[in-house]
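Some notes on the structure that comes next.
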Amino acid sequence: MKLIKIEAHGFKSFADPIVLHFDGGVAGIVGPNGSGKSNINDAIRWVLGEQSSKELRGDNMEDVIFAGSKVVPAMDKATVTLTFDNSDRISSIQSDIITITRSLQRGKGINQYFLNGEPCRHKDIKAIAMESGIGKSSLAIISQGTVSEIAQSSDEARRLIFEEAAGVSKYKFRKEEALKKLDRTEITLKNIETVIREIEKQLEPLRKQAEKAIKYKTASEQLKNVEIAFLAHEIVRLSKVYEELDKELAGVEDTQNSYKNQIDNLALEIRNKKLEIKNIDIEVSKIKAKKDGINARLADLKVTQARENERRDLIAKGEILADSKEVFAALMQQIQETEYRKNYYQDTKNELSIKLTATRENLKNQQKEINDYKSKYNIANNKIASQRTHLDILKEKKNKRTNLFKGTRTIVENKANFKGFKGVVADLIKVEAKYNLAIETILNNAMQHIVVDKSSTAVDAVNFLKKNNGGRATFIPLATIKEKSLRDDYLFVLRNQPGFINVASELVDTQAEFNILKKFLLGNVVIVDNIKSAEKISEILENKYMVVTLEGDVIRVGGVIVGGTAQESDDLIGLDKKIEEIENQILGLEAIKKDANVKIVALESKLKSEESYERQYSAEFTAAEFHLKQELAQLDQLKSNASLHQDQEEKLNAKIELAPVIQRIQELENELRILDFDFKTKNQVLHDLREDLEVIEEKNSELNSLLFDLNTSFKSKIQEYENAKNNLQNYKTRLASFYELTLEYARENFSLNMSLESAKELIDELTFEIKQLGQVNLESIEELEQVEERYDSFRTNFEELTEARNTILGAIAEMDKIIITRLTNIVNDVNQEMAKVFSSMFGGGTAEVKFVDPTNILETGISIYAQPPGKSVKNLKLFSGGEKSLIAISLLFAILRARPLPLCILDEVEAALDEANVVRYGEYLQELKHQTQFLVITHRVGTMTKVDSLFGATMQRRGVTSFFSVKLEDAKKMVDPTNEIA
């Protein structure tokens, strides 16, 4: 590859365009000092990619652009073009002619490179120079300084010349690039390994979180599907149950009323029967008494008849009772004693009868009192059960927050995560019961707003809701809100206005910390007694403020009126108060129940005592009555005996007519038969009435039993009704508030594919499972995918880079092998040529190059040992300056012989040689010109005589170099310092 042409314009002193053509062989460039001949060397180095301004004898790269002179202005651009003959294809460029151009624009600092007229990179130019052996560090450009460097440099620095000659520069360059790449790869590998370790640390907990989140989402989704289907099914079912129970309760009440009416009728019938029995009983008693009277009279008449018969018999027999008077006297004594005992037992009986009557009255009263207290006890017990059910519902509503929106409930359940959480508005204010409806109407959904300390807490909470799919919520930061109020003039007028109650914020109690909250929410709202007052007051306020009545009617800002029947409220504000009221009611009822129980126990104890007295008095009364009957019987017997004795005596003295007695006996017996019949008839009626009464009482007992069972069933149904009502309300609230779905949508989109019991069990299991999972990071699933993807990517990169590192290490080892081989070969080849060149240059002697450390060819330096004729072998460092230069030039020529270059530029390399050696130098150029093209910059005549063509450099205009072909004689004059041309 030969240099054909050099073109330059604007480079250094080449203000005018220059063109130098070369035909091969040895071309010389001559000219006086300062003529700019060495700028040819700089131009070639610059266009071949030199990046150091110092190497080009400047302070910065723009110094290569013509700076101007007194007669020629400075130029803005420097351009140099080299044209090579590449027909030998030393360069891999598939072209016979190669042109390389470099230009630089002043002020822009941008170098432009062109290869065969096409823009290219500095790297491309450098590659061509390296593969052709004319690069920056090669022996293609040799100056006097290069010779001095060879002579004076260290063994390690001298090694570079051999590396260039061996053609290992590109391998060293590639090795350096590979090492840099290896360093970068190692750093990248280390960084990736660090990242992989960090990712691996994240992966395990993230996998657990993601697994937990997947379980949570799966369970939540399953729970949602099952519970919504369950709720929809139960709402429909309970609605029917509720309606059926309502109808059933109405039917039970009708049946109860029917039973009560029947019982009342039977009670009346029983009373009538008992009255009838009593009347007939009285009649029977009267008949019996009448019979007894007749029987007594009959007895008397029969006794009279018997006495008369006896008297007649006695008279007939002639017997007289001598001791009749004594017997009669004894009988009268016994009668007196018996009369006394009879009176005693009669008094005892009367006294016991009074006691017994009083005791029975007490028993009746005490039993009534016991029944009254039992009734109070049962009423209190039933009320307690009802209130406890209501209380449980309210507490469950409070604990589960079923009356809260989903977002509000989520934040309340996770309030521990937010240090600035203060509470829900409804929990932070207290309102008297009579103002509840008005305040709830004003606040509406604001009752569920969440109060926090500052905006950042609210932002954190919003992000938490988004991250956990927790619904939406409204937040009130205390640090941000401002108080609201009525204008003072309006307030002054309202104070004396009928119906005005107060500003809403004044009717609400709260902790001092939340005063700003109540004024923010309620400070500009007026509370009045009724809609009529509201209308009047709104006119006074010119419809600029909201006015609300105690019944919940509203006149909004602007005059819009909202009113009517209020829907059932969740009673968020009064929830705690209502719970407290119900608990107090339960305590009161418990006290009533306890008091009634104490009274019942005391009364039952007293009743047992009275019953004991009653039994005692009854037994004593029965005994007294028995004794009285005995005494009366004995008295009657004694009186009868006395009467008999008296009769006997009279019989003795009197004659009785028996005919009237017998007639009267017959009459009385007839009357007695009539009375017996009547007595039997009445007794039969009485028996029938008592049987009827027994049937009625049994029926009454059955009805009472049925009524009792019905009442028990009614209470159960009432409880079932309340449970159905409460469950229905809870299910509706959960479906609407928690899941935010309508019943219609839930029924259309969610179906229950299992039994209710199975669904309940599954809901409980899923709820427990979700609760057991605790805090869940739902974003961990996506995070895991991203981290795993990132991990896989880094692992792939790591593996690829590891493989690349091994490839680089292999390439470096291969390049080291090539470098060692080539360096070894070049040293051996140069040694062979060195002996010849040295002998030719010195007229004899010998020289040798050696590796300082043959075991470390990759890094060791190269020493030169020479033995001029008649001298001993010495290291190059030990020779004189002239000898060193000649040995250095000999080395350069030996290298060129061993590894010929297509082009070599010699810039005054022979300056230090004497004339004889200059001639030898020139002759050797001629010897080498067949394998290497030489461009020689010189001012030595001995060299000029040995070149094939000469170009003269001169400055016809100050500071501007121009070239022309010259003859040897003219060249000699140009370099003569005394010549005018010089």
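Since every read-out is calculated from the coordinates, none of them should be taken as a lab result. Predicted, not measured: the structure shown is a model, and the values here were computed from it. All Cβ positions, glycine included, derive from the backbone under ideal geometry; neighbour counts span all protein chains shown.
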Which listed pairs, of K383/K434; K5/K877; K288/K342; K376/K578, have C-alpha distances above 32 Å, in listed order: K5/K877
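Grab the beta carbon distance between R360 and R673, set R0 = 56 Å, and tell me the FRET efficiency rounded to 0.05. Please list the in-between numbers first.
Values: r = 40 Å, r/R0 = 0.71.
In this case the efficiency is close to 0.90.
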Select from A512, V493, A473 the residue farthest towards the positive end of the dipole of the range 417-569; place +1 on Cβ of Lys and Arg, -1 on Cβ of Asp and Glu, and compute about the Cα centre. A473
So, in nm, how far is label L179 from label A157 when the simple model puts each one 7 Å beyond its Cα toward the Cβ? 2.0 nm
Quick one: net charge around A8, please, counting Lys, Arg +1 and Asp, Glu -1 for every other residue with C-beta under 12 Å from its C-beta. +1
What is the set of long-range amide H partners of I937 at a cut-off below 5 Å, with H atoms built 1.01 Å from backbone N? I29, L906, D907, E908
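Would you mind getting me the FRET efficiency between S53 and E200? Use the beta-carbon distance for r and R0 = 41 Å, nearest 0.05. Don't skip to the end; give the middle numbers.
Numbers: r = 51 Å, r/R0 = 1.25.
Working from the Cβ atoms, E equals 0.20.
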Can you compute the modelled spin-label distance between Q346 and D816, with each label point 7 Å from Cα toward Cβ, in nm? 15.4 nm
Estimated dipole of the chain in Debye, rounded to 20 [Cβ of Lys and Arg +1, of Asp and Glu -1, Cα centre]: 3460 debye
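Given a cut-off of 24 Å, name the pairs among K467/K732; K260/K594; K37/K884; K467/K518; K290/K682 whose C-alpha atoms lie farther apart than that in the structure shown. Don't skip to the answer; put the middle values down first.
Numbers: K467/K732 27 Å; K260/K594 30 Å; K37/K884 26 Å; K467/K518 31 Å; K290/K682 14 Å.
Violating the 24 Å limit, Cα to Cα: K467/K732; K260/K594; K37/K884; K467/K518.
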Beta bridges per DSSP with both ends in the range 417-569, % antiparallel, nearest 5: 65 percent
Where does the chain land at 222 nm, in deg cm²/dmol rounded to the nearest 500, when only DSSP H runs of n ≥ 4 count, each adding -39500 (n - 2.57), divided by all residues? -22500 deg cm²/dmol
Compare the Cα positions of T938, L20, I887 along the charge dipole of the chain (+1 at Cβ of Lys, Arg; -1 at Cβ of Asp, Glu; about the Cα centre) and return the one farthest towards the positive end. T938
Please sort 498-505, 332-339, 902-909 by packing, taking for each peptide the average over its residues of neighbouring beta carbons within 10 angstrom, highest first. 902-909, 498-505, 332-339
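Kindly give Rg over Rh for the range 417-569, based on alpha-carbon atoms, with the Kirkwood expression for the hydrodynamic radius. Don't jump to the answer; show the numbers that get you there.
Details: Rg = 16.8 Å, Rh = 16.5 Å.
Checking Rg against Rh, the ratio lands at 1.02.
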The Cα radius of gyration of the chain, divided by 2.2 N^0.38 Å with N its residue count, comes to 2.32
Counting only residues 5 or more apart in sequence or on a different chain, those whose built amide H sits under 5 Å from that of C120 are Y113, F114, L115
Amide H contacts of I141 (H built 1.01 Å from N, under 5 Å, at least 5 apart or other chain): I905
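Taking K and R as +1 and D and E as -1, what net charge do the other residues with C-beta under 13 Å from the C-beta of G564 add up to?
Details: positive: none; negative: E551, D553.
Charge balance near G564 sits at -2.
What order, most packed first, do the peptides 858-867, 364-373 have when packing is the mean number of other Cβ atoms within 10 Å of each residue?
858-867, 364-373
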Towards the positive end of the charge dipole of the range 850-934, with charges on Cβ (+1 Lys, Arg; -1 Asp, Glu), say which of N875, Y921, L906 has the farthest Cα. N875
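Applying a 10 Å radius around every beta-carbon, put 681-693, 920-932 in order of their mean neighbour count, most first.
Values: 681-693: 14.4, 920-932: 18.2.
Top of the packing list down: 920-932, 681-693.
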The whole-number value in µm²/s of the Stokes-Einstein translational diffusion coefficient for the range 70-146, with Rh from the Kirkwood sum over alpha carbon pairs at 20 °C and 1.002 mPa s, is 150 µm²/s
Local net charge near A210, Cβ-Cβ under 12 Å (Lys/Arg +1, Asp/Glu -1): -2
Mind giving me the nanometre distance, one decimal, between the label points for S640 and V19, set 7 Å out from Cα along Cα→Cβ? 19.1 nm
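Where both residues lie in the chain, what percent of DSSP beta bridges are antiparallel, nearest 5? Provide the component values of the computation, followed by the final result.
On the way: 55 of 78 bridges.
Of those bridges, close to 70 percent are antiparallel.
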Just to confirm my numbers, what's the Cα centroid distance between the range 193-213 and the range 844-901 in Å? 65 Å
1/(1 + (r/R0)^6) with r = Cβ-Cβ of Q511 and N797, R0 = 60 Å, i.e. FRET efficiency to nearest 0.05, evaluates to 0.50
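How large is the convex hull of the C-alpha atoms of the range 711-778 per residue, in Å³? Numbers along the way, then the final one.
On the way: hull volume 10.3 nm³, N = 68.
Cα convex hull per residue, to the nearest whole number: 151 Å³.
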